[in-house]
Amino acid sequence: MYRLDQKLARIRAGQYTRNDFIIADAKDGDMGPSMTSCGPKRAKDGSWSRHYTRPEFLENIRAVVEQDLVDIMLTSASNMEALIEMGVYRNSAVKPAIRANDTTDVWVCRGATYSKQPSRPFRTASLSRVATGTIDPAPGAPITGTDLGLYSITFNNDLDHDYQALEAFHAFREDAARNNFKYFLEVFNPNVDSGIAPDMVPHYVNDVMMRCLAGVTKADRPQFLKIPFNGAKAMEELASYDPSVIVGVLGGGAGTTRDCFELLHQAERFGARVALFGRKINLAENPLEMVRFMREVASGTIVPSEAVKAYHASLAKDGIKPIRELAEDNVVTEAVLKAEQSK
């Protein structure tokens, strides 16, 4: 059994402790920004001249999996396949997962403007291929890849686009059921002007997300949710509304190191039980050390401000120049976090 399954079982049974907090590394950027998502290949002095190549990126993923601190490694289907062929997941407690759809609002390639238009549903990955390697549904066939994926929806208060998104979600759930495929549901904030007042957007997102799940029975429901952290009030509202629904947060932009640890701390404090961070890990000076301190913050063994100091001490020990000096890096810059930031 993967560590994820054990943690989900304890959370659902009402036995959650902070050691059960689930951390996912979201390395699925090739489904959106594509080549640049591998991140800059930095020297220890902080300089860089190119992005990582795919083979280098796969080795970076291997290192995180072998560190064995994250619970889920989210990648594209093609990179999951390559990692399995490399033996990365052999005897690992880290659960592989794939981005099961790639809506147009994540198409942020260089020079593109797709993400500035209302999100439209789209799917590249074949669930049957991902799960069992077959093109036709094969009930009972052994899992050769993974049976877990991320499905994403963006609601924009636009009837035609939102209707289309929900139709696609319905088709996905049927495909997932035929392939015994599980998923977690990502719901972004509107990616274009929705006509909704900014202070109402968090509650709009909560409402449309739970509305779209109200007609979904237990067998077809997501394993957990992945949403932006829209503040303490919205998180508490969502997490307390239906205790059977496990709530997780996405990381958003890279921000400061304090932003990363503060988001993790506040999300857990106000009811989240999962964090799925991409750029906050991938763009760090030392991703493995970032993950190590994320785990300590989530477990409550260190507070965010002290974790930043410890992270910088680790960089200094390894001779790595930080992107920001300690004082600057220990500042909360994301507005949604400032109201409740820890001391």
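The values are calculated or read from the model by the stated rules, or taken from the named source; none is laboratory data. Just so it is clear, the structure is predicted and the values come from calculations on it, not from any experiment. A quick note on method: Cβ atoms are made from the backbone with ideal geometry, for glycine too, and the neighbour counts reach across all protein chains shown. Side chains included, ligands, DNA and RNA excluded: accessible areas come from the protein's heavy atoms. Shrake-Rupley method; radii C 1.70, N 1.55, O 1.52, S 1.80 Å.
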Being at pLDDT 95 or above, under 21 Å from Ala24 (Cβ atoms) and part of a loop (DSSP other than H, G, I, E, B) is the filter here, so list the residues in region 126-182 that pass it. Gly145, Thr146, Asp147, Phe181
Outside any strand (DSSP E or B), among the hydroxyl-bearing types (Ser, Thr, Tyr), modelled with pLDDT of 95 or more and out of contact with any strand residue (DSSP E or B) (no Cβ under 9 Å at 6 or more places or on another chain) - does that describe any residue in region 59-77? no
Contact list, first residue from region 314-331 and more than 20 Å from Ile281 (Cβ to Cβ), second anywhere and assigned to a helix (DSSP H, G or I) and open to solvent by less than 60 Å² (accessible area, probe 1.4 Å), beta-carbon distance below 9 Å, six or more apart or interchain, is Glu325/His312
Pairs, first over 15 Å from Gly248 (Cα atoms) in region 3-18, second of a type in the set (Lys, Arg), C-beta under 8 Å, six or more apart: Arg3/Lys95; Asp5/Lys95; Thr17/Arg10
Inspect region 283-294 for any residue being within 21 Å of Asn189 (Cβ to Cβ), touching a helix residue (DSSP H, G or I) at 6+ places or on another chain (Cβ under 6 Å), buried (at least 21 other Cβ atoms within 10 Å of the Cβ) and not hydroxyl-bearing (Ser, Thr, Tyr) and give the result as yes or no. no
Which pairs turn up if I take residues in region 135-159 that are farther than 15 Å from Ala100 by Cα and look for partners that are part of a loop (DSSP other than H, G, I, E, B) and open to solvent by 80 Å² or more (accessible area, probe 1.4 Å) with beta carbon separation below 7 Å, at least 6 apart in sequence or on another chain? Pro139/Asn180
Listed by first then second residue, the pairs whose first member lies in region 81-92 and is of a type in the set (Phe, Trp, Tyr), whose partner is surrounded by 10 or more Cβ atoms within 10 Å (Cβ to Cβ) and part of a helix (DSSP H, G or I), with beta carbons under 8 Å and at least 6 positions apart or on separate chains, are Tyr89/Val65; Tyr89/Leu83
List the residue pairs whose Cβ atoms are under 8 Å apart, where the first residue sits in region 43-62 and is within 17 Å of Glu81 (Cα to Cα), the second is acidic (Asp, Glu) and at pLDDT 95 or above, and the two are 6 or more positions apart or on different chains. Arg54/Asp30; Ile61/Asp25
Residues of region 65-77 satisfying the condition of being over 15 Å from the mean Cα position of the chain (by Cα) and either open to solvent by less than 10 Å² (accessible area, probe 1.4 Å) or free of Cβ contacts under 8 Å to residues at least 40 places away in the same chain (or both): Val65, Glu66, Asp68
Looking at region 103-125 only, could you name the residues that are polar (S, T, N, Q), open to solvent by 40 Å² or more (accessible area, probe 1.4 Å) and free of Cβ contacts under 8 Å to residues at least 60 places away in the same chain? Thr113
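Rundown of residues vs (1) open to solvent by 60 Å² or more (accessible area, probe 1.4 Å); (2) of a type outside the set (Val, Ile, Thr), yes/no style:
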{"position": "Arg3", "(1), (2)": "no, yes"}
{"position": "Gln6", "(1), (2)": "yes, yes"}
{"position": "Ile11", "(1), (2)": "no, no"}
{"position": "Gly14", "(1), (2)": "yes, yes"}
{"position": "Ile22", "(1), (2)": "no, no"}
{"position": "Asp25", "(1), (2)": "no, yes"}
{"position": "Cys38", "(1), (2)": "no, yes"}
{"position": "Lys44", "(1), (2)": "yes, yes"}
{"position": "Trp48", "(1), (2)": "yes, yes"}
Any idea how many residues of region 285-309 are without any contact (Cβ under 8 Å) to a residue 60 or more places away in the chain and over 17 Å from Val332 (Cβ atoms)? 4
Tell me yes or no: at least one residue of region 106-121 is more than 19 Å from the chain's Cα centre (by Cα) and of a type in the set (Ser, Thr, Tyr). yes
Going by what's in this entry, would Ile84 be described as surrounded by fewer than 16 Cβ atoms within 10 Å (Cβ to Cβ), in contact with a Ser or Thr (Cβ under 9 Å, 6 or more places away or on another chain) and assigned to a helix (DSSP H, G or I)? yes
For Arg90, are the conditions met, namely being under 29 Å from Lys7 (Cβ atoms) and open to solvent by 50 Å² or more (accessible area, probe 1.4 Å)? yes
Going by what's in this entry, would Ala254 be described as open to solvent by 30 Å² or more (accessible area, probe 1.4 Å), in contact with a Cys (Cβ under 9 Å, 6 or more places away or on another chain) and not in a helix (DSSP H, G or I)? yes
In region 204-246, what count of residues is obtained for those that are part of a helix (DSSP H, G or I), open to solvent by 40 Å² or more (accessible area, probe 1.4 Å) and of a type in the set (Ser, Thr, Tyr)? 2
